[in-house]
1. What is the residue count in segment 16-31 for residues that are in a loop (DSSP other than H, G, I, E, B) and surrounded by fewer than 23 Cβ atoms within 10 Å (Cβ to Cβ)?
2. Which pairs do you get when a residue that is among the small types (Gly, Ala, Ser), found in segment 22-46, comes within reach of a residue that is open to solvent by less than 80 Å² (accessible area, probe 1.4 Å), reach meaning Cβ atoms under 8 angstrom, with the pair 6+ apart or on two chains?
3. Assuming residue 55 fulfils every condition listed in (1) open to solvent by 80 Å² or more (accessible area, probe 1.4 Å); (2) modelled with pLDDT of 95 or more; (3) closer than 17 Å to residue 153 by Cβ apart from one, which condition is it?
4. If the requirement is being over 21 Å from residue 182 (Cα atoms) and over 16 Å from the mean Cα position of the chain (by Cα), which of these qualifies: 114, 133?
5. Are any of the residues in segment 87-94 at pLDDT 95 or above and open to solvent by 50 Å² or more (accessible area, probe 1.4 Å)?
6. Looking at residue 191, is it surrounded by 10 or more Cβ atoms within 10 Å (Cβ to Cβ), modelled with pLDDT of 90 or more and in a loop (DSSP other than H, G, I, E, B)?
7. Test each condition in (1) touching an Asp or Glu at 6+ places or on another chain (Cβ under 7 Å); (2) surrounded by 13 or more Cβ atoms within 10 Å (Cβ to Cβ) for residue 79 and report the one that comes out false.
Amino acid sequence: MAISTHISDERSQDQDRRPLLLVCNWSATDPVWDMVEDLSGVPWQPEGIRTELVESAADITALAENLADQLDHQDARALLLIGRTQHEGPARLQLRAEIPQKNGQRLSQDGPGVVRATAPAGQILEAVTKARVSIVASSENEADDGSRLLYEILTRLDERLETPAVALIRFPKSMPETAIAHTIKSAVHVMTQHLSHAPRFNAAR
């Protein structure tokens, strides 16, 4: 069951003006961090920001469509994809994704060959390093659901002046959960530090 920090029915979305960041664990069989840090069951969220954990799904295309739609309509303002890497060593901030292939054939003939993540990579690397976690930037397209999800989300986003921040961070199986949590928290702070609150519903113009 997906963890959500959405406010209760008594307090509508219009009453909570904090910007929302989605954290999507794209590996359903191997979640890297559940965001719950104590017995209260309340997921972590930084001051002034709402976070929501989105679980993966069998239909990656439908999941990508849903996430891109939330970003396009500004229901969510940023997206952090998290999952595993096939490599041991440091965490890896994936900078790009290639058009998905099956049996050596492109799944689409219309999309660009390569897309690039939109989150501020340099600032994320600096923040994570300051949190004393080893991380590297990677241009490798690991052929899995994470890369496919990144590609499909970025190619579905509408073009506009303010592109939402989208990032993909991968973690080796040997990395402790504490280090993973520090990495994700640092990335979220960077991705949301310039987001403004939503306008009040029916506010006077």
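The values are calculated or read from the model by the stated rules, or taken from the named source; none is laboratory data. Because the structure is predicted, anything quoted here is derived from the model rather than measured. Neighbour counts run over all protein chains shown; Cβ positions are idealised from the backbone, glycine included. Side chains included, ligands, DNA and RNA excluded: accessible areas come from the protein's heavy atoms. Shrake-Rupley method; radii C 1.70, N 1.55, O 1.52, S 1.80 Å.
1. Qualifying residue count, segment 16-31: 9.
2. Short answer, once both residue conditions are applied: 27/56; 27/83; 27/84; 27/145; 27/146; 28/56; 28/57.
3. (2)
4. 114
5. Yes, segment 87-94 contains at least one residue that is at pLDDT 95 or above and open to solvent by 50 Å² or more (accessible area, probe 1.4 Å).
6. no
7. The one condition residue 79 does not meet is (1).
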